[in-house]
Amino acid sequence: MKISRFANFIYTLLFILISIIMVIPVLFVVIISLSSERSIALNGYAFIPAEFSLSAYSYLWQVSGFIGRAFFNSLFITVAGTILGLFIVIPYGYALSLREFRHRNFFTVFAIIPMLFSGGLVASYMVNTQIYHLANTYLSLLLPIACSSFYIFISRTWFSTSLPHELIDAGRIDGATELQIFSGLVLPLAKPLIATIGLFFTFGYWNSWYEALLYIDSNHTDLYTLQYMLISIERQVSSLAKNEQYLGVDSLTSLPTDSVRMAIVVVIVIPITMAFPFFQKYLISGLTMGALKD
């Protein structure tokens, strides 16, 4: 269907407006991070600050040991969690898409239950801390969100609609094992799906802070993530005073509180923003493939 010039103009104008609305908050955060604490205290937040300053980034450089450790934790958890999540979700969804899998109905229901019913925060906390003893470990930041029923059903739908099952049958006829078929035939064709689910996991782990709030106490600052550190600053700047020996500063009186919060947000956003273009091509095809079937 051909779109008229007027409609095309309206759509273009609408998407430009939406893009500006989405970019403005990010730009505002960057501007605040470059504002002096004095100008923020006197004039509040402004797109054109009365005084520019790099004091927030200078402070982050002073505490680079603490920030660097938190950055490493976020990076490690994101990479390890994404790999672990893909290792669980992709094979699970592929198995559910196979008509020959005898118990696929049982495992489908098994995956649906967590989407409809949850054990609750108290139950999950008790299981993770009292039974599995995951408190104050990297596993407490990895395992609770390593498996998603939603991602499993996205995978199952993609494999059911976009994967040519005749190719699987041909592999079986040639004598290939199920593992050989999955690793040699299925996975190369599933790159768009893997990239899409992988990007979802990457966003989820990189932005996750709630698990650190639940399972990491103040005696294990070496396990703090960037996101949890930001939340701690937002809730109470004085929480950093407990870690002066790690921060390498004499007091927090010189801390540019508002601008440093925004500077940490910039530090958090930049890596994930740089990673997105590498996933973009596969993300679009992964979301659209399987939507229609002839």
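Numbers at a glance
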quantity	calculated
Top-ranked residue in segment 124-140 [being touching a helix residue (DSSP H, G or I) at 6+ places or on another chain (Cβ under 7 Å) and among the aliphatic types (A, V, I, L, M); ranked as surrounded by the most Cβ atoms within 10 Å (Cβ to Cβ)]	Leu134
In segment 46-63, residue surrounded by the fewest Cβ atoms within 10 Å (Cβ to Cβ) [restricted to those that are within 28 Å of the chain's Cα centre (by Cα) and without any contact (Cβ under 8 Å) to a residue 40 or more places away in the chain]	Trp61
Residue, surrounded by the most Cβ atoms within 10 Å (Cβ to Cβ), within segment 1-30, restricted to residues that are touching a residue at least 24 places away in the same chain (Cβ under 8 Å) and within 14 Å of Arg261 (Cβ to Cβ)	Val29
Test for Ser33: is it in contact with a Lys or Arg (Cβ under 9 Å, 6 or more places away or on another chain) and crowded, with 18+ Cβ neighbours inside 10 Å	yes
Flag for Asn136 being outside any helix (DSSP H, G or I) and in contact (Cβ under 8 Å) with a residue 60 or more places away in the chain	yes
From the options Gly175, Gly171, residue that is in the same structural domain as Phe117 (by TED's automatic domain parsing), at pLDDT below 90, among the small types (Gly, Ala, Ser) and on the phi > 0 side of the Ramachandran plot	Gly175
Residue within segment 79-89 that is touching a Leu at 6+ places or on another chain (Cβ under 9 Å) and either within 30 Å of Ser259 (Cα to Cα) or of a type in the set (Asp, Glu) (or both) present	no
Residue in segment 93-108 that is within 24 Å of Asn207 (Cβ to Cβ), crowded, with 20+ Cβ neighbours inside 10 Å, touching a Gly at 6+ places or on another chain (Cβ under 6 Å) and among the small types (Gly, Ala, Ser) present	no
One residue from Leu121, Leu179 being among the hydrophobic types (A, V, I, L, M, F, W, C), out of contact with any helix residue (DSSP H, G or I) (no Cβ under 9 Å at 6 or more places or on another chain) and exposed (fewer than 13 other Cβ atoms within 10 Å of the Cβ)	Leu179
Tally, over segment 145-168, of residues that are at pLDDT 90 or above and charged (D, E, K, R)	1
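Okay, residues lined up against (1) β-branched (Val, Ile, Thr); (2) closer than 22 Å to Thr225 by Cβ; (3) outside the structural domain of Val269 (by TED's automatic domain parsing); (4) out of contact with any Phe, Trp or Tyr (no Cβ under 8 Å at 6 or more places or on another chain):
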residue: Phe9; (1), (2), (3), (4): no, no, yes, yes
residue: Phe15; (1), (2), (3), (4): no, no, yes, yes
residue: Ser19; (1), (2), (3), (4): no, no, yes, yes
residue: Met22; (1), (2), (3), (4): no, no, yes, yes
residue: Val29; (1), (2), (3), (4): yes, yes, yes, yes
residue: Ala50; (1), (2), (3), (4): no, no, yes, yes
residue: Gln62; (1), (2), (3), (4): no, yes, no, yes
residue: Gly68; (1), (2), (3), (4): no, yes, no, yes
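The values are calculated or read from the model by the stated rules, or taken from the named source; none is laboratory data. All of these numbers come straight from a predicted model, not from anything done at the bench. We place every Cβ from the backbone using ideal geometry, glycine too, and count neighbours over all the protein chains shown.
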